[in-house]
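The values are calculated or read from the model by the stated rules, or taken from the named source; none is laboratory data. What you see is a predicted model, and the numbers here were worked out from it, not measured in a lab. In this analysis, Cβ positions are derived from the backbone assuming ideal geometry, glycine residues included, and neighbour counts consider all displayed protein chains. Surface accessibility is based on the protein's heavy atoms, side chains included, excluding ligands, DNA and RNA. Shrake-Rupley method; radii C 1.70, N 1.55, O 1.52, S 1.80 Å.
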Amino acid sequence: MTETDWRPAALYQIAEPQGYVRAYRQATESPGDLRALTRTYPFYNKPLFHRFADEPTADLAHEMFLRRIFHDSDGTTRPLDGAAKVLRKQRYPLAEPIEPLVRQIAEEGAENVALGEAYFAAGPSWEAAGDTGLALVSYENAVHEYGLQHDWHESALGRTRALTEGDFNYTYHVTNAFS
């Protein structure tokens, strides 16, 4: 087998035949439904980012701000910059907790925004609206983004722990990943 013969989907078919990465690789190597992957694996962002790159719609841009941005991204802020520009240009009705974040990124660029603090600010609004899932996403994004520049975002980490108290699997993950 030469280097040009290697296909990631074939490797993932062997390594994890029922896995979401295999499904994504297969969909990108041959005609596949990235929409179905986005619905089937809502925790896996690669299909969402891929779809947005191919078809930068406001719905997809909005969804990007409701996800754990650091999972499966290319390590840059480009997806956020592109999404914010689409949302502002189309005057898309934003979920209130993320409106300040989107506006700030659209005006200043994601690299110039304190993303950790901006995501953290959205968390209490999601909690007040009764959406602990999106609050958790905001707090996790805050922990990650703040941690790239500083130490841990203790307040976001505290809210993450509080929201997941009693969930053994998540508590185990947080204890080992963020401690």
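Assorted remarks:
- Solvent-accessible surface (1.4 angstrom probe) belonging to Ser138, in square angstrom, nearest 10: 10
- Inter-label distance, nm, simple model (7 Å from Cα along the C-beta direction), Ala129/Glu55: 2.4
- Separation in nanometres of the label points that stand 7 Å from Cα toward Cβ, at Asn169 and Gln18: 1.3
- Remark: the Trp152-Thr28 segment gains 41.1 nm on full extension, using 0.36 nm per residue and subtracting the alpha carbon distance.
- Ranked order, His150, His62, His144 - accessible area, probe 1.4 Å, largest first: His150, His144, His62
- Per-residue SASA entry for Thr57, accessible area with 1.4 Å probe, Å² rounded to 10: 40
- Degrees between helix 20-29 axis and first principal axis of the chain (Cα, 0 to 90, nearest 10): 60
- For the stretch 21-117, projected area of the alpha-carbon convex hull averaged over all directions, nm²: 6.1
- For the chain, the longest principal axis of the alpha carbon atoms and the long axis of helix 154-163 meet at an angle near 70°.
- By accessible area with a 1.4 Å probe, ligands and nucleic acids excluded, highest first: order of Lys85, Lys46: Lys85, Lys46
- On Cα atoms only, tilt of 132-149 relative to the major axis of the chain in degrees: 90
- The ellipsoid that matches the Cα gyration tensor of the chain has semi-axes, each √(5λ) in whole angstrom, of 29, 22, 15, with the longest given first.
- If you take all other residues with their beta carbon under 13 Å from the beta carbon of Thr171, and give Lys and Arg +1 and Asp and Glu -1, the sum is -1.
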